[in-house]
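Reading through the structure tokens given below for one structure.
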Amino acid sequence: MKKKIIAIMLCMAMVLSMTACGGSDSDSGESSNSTETESDVDYIKDKGTLIVGITEFAPMDYKDDSGEWIGFDADMAKLVAEELGVEAEFVEIDWDNKIMELDSQNIDVVWNGMTLTDEVTSSMECTKAYCNNAQVVVVPADKKDADLTELTFAVEAGSAGEAVAEENGYNVNSVASQADALMEVASGTSDAAIIDLLMAGAMIGEGTSYPDLIHTEELTTEEYGVGCRKGSDLAEYINDLFAKTYEDGRMLEIAEEYGVQEAVVEQ
């Protein structure tokens, strides 16, 4: 009889133990869900930095003579950081890995004249468009009438320029940045490049480092947006600040400084 009682008590203890474990799993699940829904805005404020993923891309993000990152995007990112009460930190990334860099929290935003493609908008929480743009063909002036299908195009890996080149069946030479694509054409290692219209306006032609390069065809029209982590509340925070700075004139003032005022989208 005593053995039966002991056996029953042991069974009851095992049931209670399993129930407790089940409760622990539930609690753990709730904790995990809570982590997933944490505010990115609060996270950035707590750590004291807004880490901005960029590539060198005038007139959006580039270094001045003292080595400081400037440009329309850089200055707007600094303005957002100031509103958040944190420092803006700029990190050069491999553009082809921008989504991975964002998801792994190596950066907080992708803010570098990023085209709002289907891939980008499905993988990131994006702001509304803030600039219009196009992908354009850049060639040496003596090749302005060349058959595009016979040229080799330098394009930034993972960029809208690479995508449109592949869509058109062009011969592609993928490089690390749009700046590298221009250097390829200038040195003659590629026949042409496909880059953003805003970059072409700032980087090629008379009075620039590439006076013998011109842009010819516009292959696409597109819009720029800022990319945040999927589900992040930071995108809406930036949208609100875009609207505020457009209305009070600060956004257009910064745009005029870098010559992109005609491309700015009304907020």
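Consider Ser66 against the criteria (1) among the polar types (S, T, N, Q); (2) free of Cβ contacts under 8 Å to residues at least 24 places away in the same chain; (3) buried (at least 20 other Cβ atoms within 10 Å of the Cβ): it satisfies all of them except one. Which criterion is unmet?
Ser66 satisfies all of (1) among the polar types (S, T, N, Q); (2) free of Cβ contacts under 8 Å to residues at least 24 places away in the same chain; (3) buried (at least 20 other Cβ atoms within 10 Å of the Cβ) except (3).
Here's the yes/no breakdown for (1) touching a Lys or Arg at 6+ places or on another chain (Cβ under 8 Å); (2) open to solvent by less than 40 Å² (accessible area, probe 1.4 Å); (3) not aliphatic (A, V, I, L, M):
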site	(1), (2), (3)
Ala134	no, yes, no
Leu151	yes, yes, no
Val172	no, no, no
Leu182	no, yes, no
Ser190	no, yes, yes
Leu198	no, yes, no
Glu218	no, no, yes
Arg229	no, yes, yes
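If you take the residues of the range 200-216 that are of a type in the set (Gly, Ala, Ser) and open to solvent by less than 30 Å² (accessible area, probe 1.4 Å), which of them is farthest from the chain's Cα centre (by Cα)?
Of all residues in the range 200-216, those of a type in the set (Gly, Ala, Ser) come to 200-202, 205, 207, 209.
Subset that is open to solvent by less than 30 Å² (accessible area, probe 1.4 Å): 200, 205.
Numbers: Ala200: 19, Gly205: 27 Å.
Checked the range 200-216; the qualifying residue farthest from the chain's Cα centre (by Cα) is Gly205.
Among (1) of a type in the set (D, E, K, R); (2) open to solvent by less than 60 Å² (accessible area, probe 1.4 Å); (3) not in a helix (DSSP H, G or I), where does Asp73 come up short?
(3)
Name the single residue that is most open to solvent (accessible area, probe 1.4 Å) among those in the range 231-261 being over 16 Å from Asp73 (Cβ atoms) and assigned to a helix (DSSP H, G or I).
We begin by selecting, within the range 231-261, every residue over 16 Å from Asp73 (Cβ atoms); these are 231-233, 236-237, 240, 243-244, 247-249.
Then drop every residue that is not assigned to a helix (DSSP H, G or I), which leaves 236-237, 240, 243-244, 247-248.
Numbers: Glu236: 102, Tyr237: 63, Asp240: 92, Ala243: 42, Lys244: 100, Glu247: 161, Asp248: 82 Å².
That would be Glu247.
Give me the residue from the range 153-170 that is of a type outside the set (A, V, I, L, M) and out of contact with any Phe, Trp or Tyr (no Cβ under 7 Å at 6 or more places or on another chain) and, out of that set, most open to solvent (accessible area, probe 1.4 Å).
Step one: filter the range 153-170 for residues of a type outside the set (A, V, I, L, M), giving 153, 156, 158-159, 161-162, 166-170.
Narrowing further to those that are out of contact with any Phe, Trp or Tyr (no Cβ under 7 Å at 6 or more places or on another chain): 161-162, 166-169.
Working: Gly161: 1, Glu162: 30, Glu166: 112, Glu167: 147, Asn168: 78, Gly169: 60 Å².
Taking the candidates together, the pick is Glu167.
Does Glu82 count as more than 20 Å from Glu125 (Cβ to Cβ), within 21 Å of the chain's Cα centre (by Cα) and either at pLDDT 95 or above or not in a loop (DSSP other than H, G, I, E, B) (or both)? Full working, then the answer.
On the way: more than 20 Å from Glu125 (Cβ to Cβ): yes; within 21 Å of the chain's Cα centre (by Cα): yes; either at pLDDT 95 or above or not in a loop (DSSP other than H, G, I, E, B) (or both): yes.
Against the criterion (more than 20 Å from Glu125 (Cβ to Cβ), within 21 Å of the chain's Cα centre (by Cα) and either at pLDDT 95 or above or not in a loop (DSSP other than H, G, I, E, B) (or both)), Glu82 qualifies.
Within the range 152-191, can you find the residues that are over 22 Å from the mean Cα position of the chain (by Cα), touching a residue at least 12 places away in the same chain (Cβ under 8 Å) and part of a loop (DSSP other than H, G, I, E, B)?
Result: Asn168, Gly169, Tyr170, Thr189, Ser190, Asp191.
Which of the following residues is among the hydrophobic types (A, V, I, L, M, F, W, C), surrounded by fewer than 17 Cβ atoms within 10 Å (Cβ to Cβ), touching a residue at least 24 places away in the same chain (Cβ under 8 Å) and under 21 Å from Tyr43 (Cα atoms): Val91, Val110?
Numbers: Val110 fails: surrounded by fewer than 17 Cβ atoms within 10 Å (Cβ to Cβ).
Among Val91, Val110, only Val91 is among the hydrophobic types (A, V, I, L, M, F, W, C), surrounded by fewer than 17 Cβ atoms within 10 Å (Cβ to Cβ), touching a residue at least 24 places away in the same chain (Cβ under 8 Å) and under 21 Å from Tyr43 (Cα atoms).
The values are calculated or read from the model by the stated rules, or taken from the named source; none is laboratory data. From a predicted model like this one, the values you see are computed outputs, not experimental measurements. Cβ atoms come from the backbone with ideal geometry, glycine included; neighbour counts cover every protein chain shown. To get the accessible areas, we keep the full protein, side chains included, count just its heavy atoms, and leave off ligands, DNA and RNA. Shrake-Rupley method; radii C 1.70, N 1.55, O 1.52, S 1.80 Å.
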